[in-house]
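What follows is a short report on a single structure.
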Amino acid sequence: MNYKLLLAILVLFVLVYFIKNYKKHHKTLAASSKVIGDVVTTGVGGKDIAALTDEWINQVTVKNSPEGVTNMFCPDGNLIGTVSQVKRKGVDIKKYFDFFAKKPGITVLDKKYNISRVAPGVFINTSFITWFWSGLNEPIVARMTFVFREKCLFQLHSSVLPEVNDELFDISNLP
């Protein structure tokens, strides 16, 4: 089995785990709340990955630095952003954060990390991050998958958490 296929299977496993364990009525915090959250780690280096993810959030929300965010990516890294429809590499990653990191009032209200070591030097942080910025009517929850290779971000995939499908929820026997 090749490495990319194994990595894709592991990402899928982590996402299924999160979906099964995510509560139906997830409540977001008020826009004035402080950054809070919890971290679940497995494997050696999980705390380093949590710190790198926190630094990524800091570059986006406190420093509002497209350059700082972009510098966290591996030279061959890529991004599929929450508010974008294309996969980005290189200079296009910075262009995305020229837009996203400069959103007025951008902040993280809540974060939940699930960090796993999937290969030597490769970690996945499957996260739920609650975002808010000026102009939004209410916070949005993004499901974000950070793939770190050593200490750089190889891939970041993010999308808005969809509404709960009641029919699917009912047949899934989730808490």
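The values are calculated or read from the model by the stated rules, or taken from the named source; none is laboratory data. The structure displayed is predicted, hence computed values, not measured ones. Backbone-built Cβ (ideal geometry, glycine too); neighbour counts: all protein chains shown.
Taking Asn114 as the residue in question, decide whether it is farther than 14 Å from Gln155 by Cβ and touching a residue at least 24 places away in the same chain (Cβ under 8 Å). Yes, satisfied.
The one condition from (1) at pLDDT below 95; (2) touching a Leu at 6+ places or on another chain (Cβ under 6 Å); (3) of a type in the set (S, T, N, Q) that Thr130 does not meet is (1).
Entry remark, the stretch 117-175: residues being free of Cβ contacts under 8 Å to residues at least 40 places away in the same chain and in contact with a Cys (Cβ under 6 Å, 6 or more places away or on another chain) number 0 in total. For the stretch 72-108, which positions are touching a Phe, Trp or Tyr at 6+ places or on another chain (Cβ under 8 Å) and part of a helix (DSSP H, G or I)? Across the stretch 72-108, the qualifying residue is only Ile93.
Among the residues of the stretch 156-169, are any within 24 Å of Cys74 (Cα to Cα) and modelled with pLDDT of 95 or more? Within the stretch 156-169 (the criterion being within 24 Å of Cys74 (Cα to Cα) and modelled with pLDDT of 95 or more), the answer is yes, since at least one residue qualifies. If you go through the stretch 134-175 and keep only what is charged (D, E, K, R), in a loop (DSSP other than H, G, I, E, B) and closer than 21 Å to Lys111 by Cα, you end up with Glu138, Lys151, Glu163. Per the conditions (1) touching a helix residue (DSSP H, G or I) at 6+ places or on another chain (Cβ under 7 Å); (2) modelled with pLDDT under 95; (3) within 17 Å of Phe123 (Cβ to Cβ), the sole criterion not satisfied by Gly81 is (3).
When the stretch 152-175 is filtered for residues that are surrounded by 15 or more Cβ atoms within 10 Å (Cβ to Cβ) and not hydrophobic (A, V, I, L, M, F, W, C), the ones remaining, listed by number, are Gln155, His157, Ser158. Restricted to the stretch 70-85, and to residues there that are in contact with a Leu (Cβ under 9 Å, 6 or more places away or on another chain) and under 19 Å from Val160 (Cβ atoms), the residue that is surrounded by the most Cβ atoms within 10 Å (Cβ to Cβ) is Leu79. Here Ala119 clears all of (1) at pLDDT 95 or above; (2) over 17 Å from the mean Cα position of the chain (by Cα); (3) not acidic (Asp, Glu) except the condition numbered (1). Scan the stretch 134-157 for residues that are closer than 19 Å to Thr82 by Cβ, out of contact with any Phe, Trp or Tyr (no Cβ under 9 Å at 6 or more places or on another chain) and not aliphatic (A, V, I, L, M) and the total you get is 4. Residue under question is Arg143, and the condition is that it be basic (Lys, Arg), touching a helix residue (DSSP H, G or I) at 6+ places or on another chain (Cβ under 9 Å) and more than 19 Å from Val62 (Cα to Cα); does it hold? Judged against the criteria, Arg143 is a match.
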